[in-house]
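The values are calculated or read from the model by the stated rules, or taken from the named source; none is laboratory data. Note that the structure is a prediction, hence the values are computed from the model and not measured. All Cβ positions, glycine included, derive from the backbone under ideal geometry; neighbour counts span all protein chains shown.
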Amino acid sequence: MDFRFNEDQELLQTTVRDFLEGEITPEVVRELWDTDTGRSPALWKTLAEIGLPGLLVPEEYGGMGMDEVDFVLLLEETGRAGLAEPIVSTAAVAVPMLREIGGALAKEWLPKIATGDAVVAVGHPDVAFVEDAHVADLLLLSNGADEVHAVLAVDADITLQPANDPSRKIASVSFTPTQATCVASGDEARAFLAAAFDRGALASAAQALGACDRMIALAVEYTSERKQFGKPIGSFQAVKHHLAGVKVKLEYARPVVQRAAHSVASGSPLRALHVSMAKLVACEAGVFGAKQTLQCHGAIGYTWEQDLHVWMRRAWSLDRSWGRAPLHMGRVQTALLEDGAPMGSGCTFSSPGA
Amino acid sequence: MDLTFTPEQEKFRAQAREWLAAHVPAEPLKSFDTAEGAKQHREWEHVLNGGGWAMVPWPVEYGGRGANLLEWLIFEEEYYRAGAPKRINQNGIFLLGPTIMEYGTPEQKARFLPKMAASEEVWAQGWSEPNAGSDMANIQTTAIRGTDGDGEHFMVNGQKTWASRGAFGDWLFGMFRTDPDSERHKGLTFILLPLDLPGVTVRPIEQLDGLPGFAEVFLDNVRVPAEYQLGEEGQGWQVAMSTAGFERGLMLRSPARFQDTARRLVELYRENADDVSETVRDDVLRCWIGAEAYTLETFRTVSRLLAGGKIGAESSLNKIFWSELDLKMHELALEILGDRGDLLPGAPAAEGVGNWLDGYLFALSGPIYAGTNEIQRNIISERILGMPR
């Protein structure tokens, strides 16, 4: 039992944080908002240079060969930076799915992802829209609940659906399933889709932590400078207590997300439960953080010009990505009340049947 | 990251489980805030200490088992799982004990710790005074150093209040103003005081549950030997902060307690599912997730401590989280019980209501004691977030 990250993992987190701080400024985010796709192939290539898209790609395909425990701290950093490139859809979800599908498809696409030369988006029956489909080269799409198809983006009908968060690019996708596009069916397809969903939810949860932390930092900075009644407003308890409350929620969401990453990486039988717990608490922290930090900013926070809403909108988007709260609550309910997941003292680290 | 227990840790768990199964009293003990219950709990602590389980993480020479904090967490999980009694000496074993470990002289460690582990000496806490509650530095009780035929001593005058376990305890710890000209955090000294000394008057106070869980302690020319000073004279605030950290932090509130409450809450929901709304169900599940989150964060903290890390202002995050969670769980339980939630245990229709009402009354004290949650939010915003004072 050692619930810590190792030195390499922490070093990589610092490296990625420093890199993103330099590259993904709020100005960069806003510039991307004004482009047609909201995405930048050049930026994606740059991210590939530090290994982000290919983090989960096996080394034989030019990737870093790491797992979700390595990735979770970095995903939090991408959330802190407000980075909206297809990190979740491609790096966190499509890569492991391609790895599991294997064969020629993996051989063809994984190396391209690792070098930043391809974007792959994933559709799931429980997720209404496909994230980043509009810039994808390949789509991994479900047909019903028990078929997975690999479809070239040029062969699909993709309609972008503008959303509240200008960084969030989601689309309706339709395609004609054929035997040639079908890469998995039956139990195998269901297993791939279930894993994809958990990975998407985990990655979104980790990003929500980072977004929440960034909003706290922005609010602390603003309330320490802004003066009213002759004092920084951050010296007033009413303001302090708002932010302390967010901090409590955030710090108790983080270990839940990190444990979920461990359960995904290790293939725990409780993976779905752990991921749903993580998605619930992390996104709750994010949405609560958005509300409280907006209040602490006052009117200036209510403007388009102030950067706070870059992360507020991220927090709202992530809450809606890869399963909204009722779906995840339903999965917790099933696990606990119907499937008899272990409960009570001494059960947190045990597996069913152990 | 390794989230599995080693075979040695599993063996330790099995040992604890086996011993507890053979020794935990079949009938629940009376509350330790009654004379009869206090006696029962002291007897239980004697049995626990005899088995070597009273203070799992303490060194063997002080009455402990010499285990590490992870093993202590495992023991706590088994302790709650076995439904074992509450710890009457928690002020001693979880708060003062670690403080003596840090600040005590070798003589003090040998004098106090083994008797504390055995609960031969039960400790009351003397944090608050009538004018020093949230404003803990406003201590007015004086302890003036002097010498007489029997040696160096402090002459103590003043009043402590809300002294938990004061009614049936043997000793009291707290801060006293040893420099009468000093103000605020300066000039305070941490002193250990036997409650049977001449000049000590203990007046029990009935708590919300009607039992004397705390007391007023009047100190009128009480002569306390100087050897009962803990840490340096004038450094009382520093010593007390260390104790308060243990109180807010993980020692007093091990996750097992909340996991156990969460499990009972989910079971209560299951039994009454047909009568309860989906909103309540979701809140029950959220509480269960909260108890898991608390557990995970504790294991993360202990992993960090075992690797040489320290705990600081984070204990304020901890205190808010567990106290709000505990209260929410009990509120939900009463909501699920509906009309029967209002019944005292002896009521004819009270079968199956368990001890939720009593637990609710106790949970209400959580956001108040060990520094109110408002004080904790100040600490978080100033010391963790760096907001202006």
Checklist entry - Any idea which of A:A205, A:A196, A:A211 is closer than 24 Å to A:A156 by Cα, more than 12 Å from chain B (Cβ to nearest Cβ) and under 27 Å from the mean Cα position of the chain (by Cα)? => result A:A196
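Do we have A:A325 as touching a Cys at 6+ places or on another chain (Cβ under 8 Å) and surrounded by fewer than 21 Cβ atoms within 10 Å (Cβ to Cβ) here?
Answer is yes for this residue.
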Item to check | Near pairs, Cβ below 6 angstrom, 6+ apart or cross-chain, from segment A:266-285 (assigned by TED's automatic domain parsing to the domain that holds A:V248) to any residue that is surrounded by fewer than 24 Cβ atoms within 10 Å (Cβ to Cβ) and not in a helix (DSSP H, G or I) | outcome: A:P269/A:S351; A:P269/A:P352; A:L273/A:A341
Checklist entry - Which residue pairs have Cβ atoms closer than 9 Å, lie 6 or more positions apart in sequence or on different chains, and pair a first residue in segment B:313-325 that is at positive phi with a second residue that is in a helix (DSSP H, G or I) and modelled with pLDDT of 95 or more? => result none
Checklist entry - Filter segment A:2-44 for residues that are among the basic types (K, R) and assigned to a helix (DSSP H, G or I); which is surrounded by the most Cβ atoms within 10 Å (Cβ to Cβ)? => result A:R17
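Results for (1) modelled with pLDDT under 95; (2) within 28 Å of A:Q333 (Cβ to Cβ); (3) assigned to a helix (DSSP H, G or I), shown as yes or no for each residue.
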{"position": "B:S315", "(1), (2), (3)": "yes, no, yes"}
{"position": "B:F321", "(1), (2), (3)": "no, yes, yes"}
{"position": "B:A333", "(1), (2), (3)": "no, yes, yes"}
{"position": "B:Y369", "(1), (2), (3)": "yes, no, no"}
{"position": "B:E374", "(1), (2), (3)": "no, no, yes"}
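Which of the residues that make up segment B:1-32 are within 25 Å of the chain's Cα centre (by Cα) and part of a helix (DSSP H, G or I)?
Pass one, segment B:1-32, residues within 25 Å of the chain's Cα centre (by Cα): B:12-13, B:16-17, B:19-21, B:23-32.
Across segment B:1-32, the qualifying residues are B:F12, B:R13, B:A16, B:R17, B:W19, B:L20, B:A21, B:H23.
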Item to check | Cross-chain or 6+ apart pairs with Cβ under 8 Å, segment A:1-19 first and at the interface with another protein chain (Cβ under 8 Å from one of its Cβ atoms), then in a helix (DSSP H, G or I) and of a type in the set (F, W, Y) | outcome: A:M1/B:F299; A:F3/B:F299
Checklist entry - If you go through segment B:350-371 one residue at a time, do you hit one that is surrounded by 22 or more Cβ atoms within 10 Å (Cβ to Cβ), over 17 Å from the mean Cα position of the chain (by Cα) and within 10 Å of chain A (Cβ to nearest Cβ)? => result no
Next on the checklist: Can you tell me which of (1) surrounded by fewer than 15 Cβ atoms within 10 Å (Cβ to Cβ); (2) assigned to a strand (DSSP E or B) is the one A:Q179 doesn't meet?
Outcome noted: (2)
Checklist outcome for this item: All-but-one check, B:R203 against (1) surrounded by 16 or more Cβ atoms within 10 Å (Cβ to Cβ); (2) in a strand (DSSP E or B), failing number (1)
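Please indicate, with yes or no, whether at least one residue in segment B:248-267 is more than 14 Å from chain A (Cβ to nearest Cβ), touching a Leu at 6+ places or on another chain (Cβ under 6 Å) and under 18 Å from B:Q90 (Cβ atoms).
Restricting attention to segment B:248-267, the residues satisfying the condition of being more than 14 Å from chain A (Cβ to nearest Cβ) are B:251-252.
Checking the rest, the ones that are also touching a Leu at 6+ places or on another chain (Cβ under 6 Å) come to none.
The answer is no, given that none of the residues of segment B:248-267 is more than 14 Å from chain A (Cβ to nearest Cβ), touching a Leu at 6+ places or on another chain (Cβ under 6 Å) and under 18 Å from B:Q90 (Cβ atoms).
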Checklist entry - Within segment B:162-175, can one find any residue that is out of contact with any Lys or Arg (no Cβ under 8 Å at 6 or more places or on another chain) and free of Cβ contacts under 8 Å to residues at least 24 places away in the same chain? => result no
Item to check | Any hit, segment B:275-285, residues being within 11 Å of chain A (Cβ to nearest Cβ) and either assigned to a loop (DSSP other than H, G, I, E, B) or over 27 Å from A:P342 (Cβ atoms) (or both) | outcome: no
Checklist entry - Is one or more of the residues making up segment B:268-284 in contact with a Lys or Arg (Cβ under 7 Å, 6 or more places away or on another chain) and not hydrophobic (A, V, I, L, M, F, W, C)? => result yes
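Pick from A:L56, A:L47, A:L98: which is in a helix (DSSP H, G or I), crowded, with 23+ Cβ neighbours inside 10 Å, aliphatic (A, V, I, L, M) and touching a Pro at 6+ places or on another chain (Cβ under 7 Å)?
Among A:L56, A:L47, A:L98, only A:L47 is in a helix (DSSP H, G or I), crowded, with 23+ Cβ neighbours inside 10 Å, aliphatic (A, V, I, L, M) and touching a Pro at 6+ places or on another chain (Cβ under 7 Å).
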Checklist entry - Looking only at segment B:72-103, which residues are over 16 Å from the mean Cα position of the chain (by Cα), under 23 Å from B:T243 (Cβ atoms) and surrounded by 21 or more Cβ atoms within 10 Å (Cβ to Cβ)? => result B:F75
Checklist outcome for this item: The condition of being under 27 Å from B:G308 (Cβ atoms), touching a residue at least 40 places away in the same chain (Cβ under 8 Å) and among the hydrophobic types (A, V, I, L, M, F, W, C) holds, among B:L29, B:L95, B:L20, only for B:L95
Item to check | Options B:R304, B:R300, B:R377; residue that is in contact (Cβ under 8 Å) with a residue 40 or more places away in the chain and either among the polar types (S, T, N, Q) or within 11 Å of chain A (Cβ to nearest Cβ) (or both) | outcome: B:R377
